[in-house]
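The values are calculated or read from the model by the stated rules, or taken from the named source; none is laboratory data. What you are looking at is a predicted structure, and each value in this text was computed from that prediction instead of being measured. Positions of Cβ are generated from backbone atoms using ideal geometry, with glycine treated the same way; all protein chains shown enter the neighbour counts. What goes into the accessible areas is simple: the full protein's heavy atoms, side chains included, and nothing from ligands, DNA or RNA. Shrake-Rupley method; radii C 1.70, N 1.55, O 1.52, S 1.80 Å.
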Amino acid sequence: MSSAAQPPRIFVAVDRPSRAEAELDLARLGTHGYAVKLGLEFFVAQGPDGVRQVAGARPLFLDLKLHDIPNTVAGGVRSASACAPLFLTIHASGGPGMMRAAAKAAAEAGAKRPALLGITVLTSLDDADLDAIGQRGPTADQAERLAVLAREAGLDGVVCSPHEIARLRKACGPGFKLVVPGIRPAWADAGDQKRIMTPAEAVALGADHLVIGRPITQAEDPKTALARILAEIGA
Ligand code: C5P
């Protein structure tokens, strides 16, 4: 399940600021059976060279959550494509024009074309936060509105909470990728995640990919934790 045509089901979130720490996390996991997710904490500190070095030959999810005017985001997508990520995130709330420009820039990357995922409503925001910034809630309605806009603009999928999977699958159809964080195996600590679901439950509801960090990276034996999760979802 780890060829470019069939990306891995599990994206391991490596939330570290240093190359040494990130490399240590990944060395303990081996090279196969997962994609590595690197986000702002790592990218801002280590840049594209650090991303390429740490990801190595592993499939990469570059979680940069780009949000700006269409021309700038298109440029960001072009620059990020040099890291050859399989997946790259942009904010769907940047609007249809921004998402279309990003999709066009991604397509121009040819064989290195990243799949673009829209961020809908951050799970750190609740209905009161949406009201405060002038967005129409409830959050689940806004997430669906943005996911449909993302699909219409040519994005490949969205990142969503496990509790939105069924609704977004229905609204966006079978080919649209749903990438889901907030995952906790029954045997792992919840940590600061509140609205959690197990890997098997999320996949049964229709998640295409799961983003999992600490239950794997902080496990006593990360490789066994990953293998256990893969077995649980039948991957
Ligand atoms: O360690 P844990 O499994 O909670 O890591 C989850 C990863 O998914 C982190 O990189 C976190 O930033 C990311 N994420 C999330 N919730 C979202 C979007 C992204 O936990 N709504």
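Only helices enter the 222 nm calculation for the chain: every DSSP H run of n ≥ 4 contributes -39,500 (n - 2.57), and dividing by all residues gives -12500 deg cm²/dmol, rounded to 500. Surface composition of the chain: carbon and sulfur atoms hold 53% of the protein heavy-atom accessible area at a 1.4 Å probe. So what's the gap between the Cα centers of the range 203-235 and the range 173-195, to the nearest angstrom? After rounding, the separation between the Cα centres reads 10 Å. Partners of residue 194 within straight-line reach, counting lysines whose Cα lies under 29 Å from its Cα and excluding those fewer than 8 residues away in the same chain: 37, 65, 170, 177, 223.
For the range 12-60, the direction-averaged projected area of the alpha-carbon convex hull comes to 2.7 nm². As a length-normalised measure over Cα pairs under 8 Å and 6 or more apart, the relative contact order of the range 76-150 settles at 35 percent. Other residues with beta-carbon under 13 Å from the beta-carbon of residue 137 carry, at +1 per Lys or Arg and -1 per Asp or Glu, a net charge of -4.
Expressed in Å, the radius of gyration and Dmax of the Cα atoms of the range 167-235 are 12.5, 40. In units of 2.2 N^0.38 Å, what is the alpha-carbon radius of gyration of the chain? Against the compact-globule rule of thumb, the ratio is 0.96.
Other residues whose C-beta falls under 10 angstrom from the C-beta of residue 40 contribute a net charge of -2, scoring Lys and Arg +1 and Asp and Glu -1. When you work out D = kT/(6 pi eta Rh) for the range 39-163 at 10 °C and 1.306 mPa s, using the Kirkwood radius from C-alpha pairs as Rh and the Stokes-Einstein form, the result is 107 µm²/s. In this structure the range 1-127 gives 44 Å² per residue of accessible area when probed at 1.4 Å with all protein chains present.
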